[in-house]
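Step one of this worksheet: look at the structure below.
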Amino acid sequence: MNNEFKTEEVKPQKSRASLLYETLEIISIALIVVILINLFVGRMTTVVGDSMYPTLHNTEKLWVSRLGYTPQNGDIVVIQEKNSAISEPIVKRIIATENQTIKFDFENWKVFVDGVPLEEDYINYEDWCAMKSYGCPEELVVPPGYVFVMGDNRNHSTDSRDGRVGVISEDDIMGKVVARIFPLNKFGAVGN
């Protein structure tokens with residue numbers, strides 16, 4: 001009869017200090033990855049207010065991409081101005097980029113960029129009144145390194161027409177809105 005005893009290999013238990021160190025290491029790596037994603041790839045933001053209605057609604061969650069972004073007309077972007085009266089990030093649509101000429105026909109809700117009227121089926125028209133100018137001149141040229149932005153809810157938007165905001169430095173653009181994350185029934189790409 002073969003009486004071989006099987007012995008279990010006893011693994012040394014990790015000390016509490018070792019477990020704590022490993023946990024802190026994992027948390028640190030995860031935190032660094034999150035920070036790098038926020039700095040270079042993108043981030044989530046929340047729509048505050050109704051200035052982008054009907055395209056976007058108050059409290060919707062958006063994914064904003066920073067990766068290799070160059071401002072383009074029609075893009076919906078998130079802006080955080082460093083020296084502005086508006087402290088929180090704002091979501092707006094780029095109407096014109098550097099060196100482009102903008103002309104407004106406020107009475108008829110028309111915007112022209114370099115003499116071409118914009119096709120703006122996304123805006124919230126108010127037939128009973130003119131588009132507000134907020135003190136903006138009827139014609140202007142966007143300076144180099146800047147963009148001109150407006151909300152889709154034109155008469156209820158604090159944007160580049162308002163002297164408190166004005167033209168936006170490209171450096172103040174946090175990124176382009178690429179997707180709606182919440183509410184889940186509207187999850188998906190945000191059209192520009």
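The values are calculated or read from the model by the stated rules, or taken from the named source; none is laboratory data. What you are looking at is a predicted structure, and each value in this text was computed from that prediction instead of being measured. Note that we place each Cβ from the backbone using ideal geometry, even for glycine, and neighbour counts take in every protein chain shown.
Figures for the structure shown
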{"read-out": "Unmet criterion (only one of (1) within 21 Å of D50 (Cβ to Cβ); (2) not in a loop (DSSP other than H, G, I, E, B)) for D127", "value": "(2)"}
{"read-out": "Every residue from segment 98-117 that is within 27 Å of D171 (Cα to Cα), of a type outside the set (K, R) and surrounded by 15 or more Cβ atoms within 10 Å (Cβ to Cβ)", "value": "E98, Q100, I102, F104, V111, F112, V113"}
{"read-out": "Restricting segment 65-83 to residues that are modelled with pLDDT of 90 or more and not in a loop (DSSP other than H, G, I, E, B), the residue that is farthest from I173 (Cα to Cα)", "value": "I76"}
{"read-out": "Single residue of segment 139-180 satisfying the filter (part of a strand (DSSP E or B) and touching a Gly at 6+ places or on another chain (Cβ under 7 Å)) that is modelled with the lowest pLDDT", "value": "A179"}
{"read-out": "Given (1) part of a strand (DSSP E or B); (2) surrounded by fewer than 20 Cβ atoms within 10 Å (Cβ to Cβ); (3) out of contact with any Asp or Glu (no Cβ under 9 Å at 6 or more places or on another chain), index of the condition T59 fails", "value": "(1)"}
{"read-out": "Residue in segment 166-174 that is in contact with a helix residue (DSSP H, G or I) (Cβ under 9 Å, 6 or more places away or on another chain), within 24 Å of K61 (Cα to Cα) and of a type outside the set (A, V, I, L, M, F, W, C) present", "value": "no"}
{"read-out": "Residue list for segment 62-78, filter: surrounded by fewer than 18 Cβ atoms within 10 Å (Cβ to Cβ) and either in contact with a Pro (Cβ under 8 Å, 6 or more places away or on another chain) or aliphatic (A, V, I, L, M) (or both)", "value": "L67"}
{"read-out": "Test result for G151, within 21 Å of L62 (Cα to Cα), among the small types (G, A, S) and crowded, with 21+ Cβ neighbours inside 10 Å", "value": "yes"}
{"read-out": "Residues of segment 93-124 classified as aliphatic (A, V, I, L, M), under 16 Å from D159 (Cα atoms) and not in a loop (DSSP other than H, G, I, E, B), total", "value": "5"}
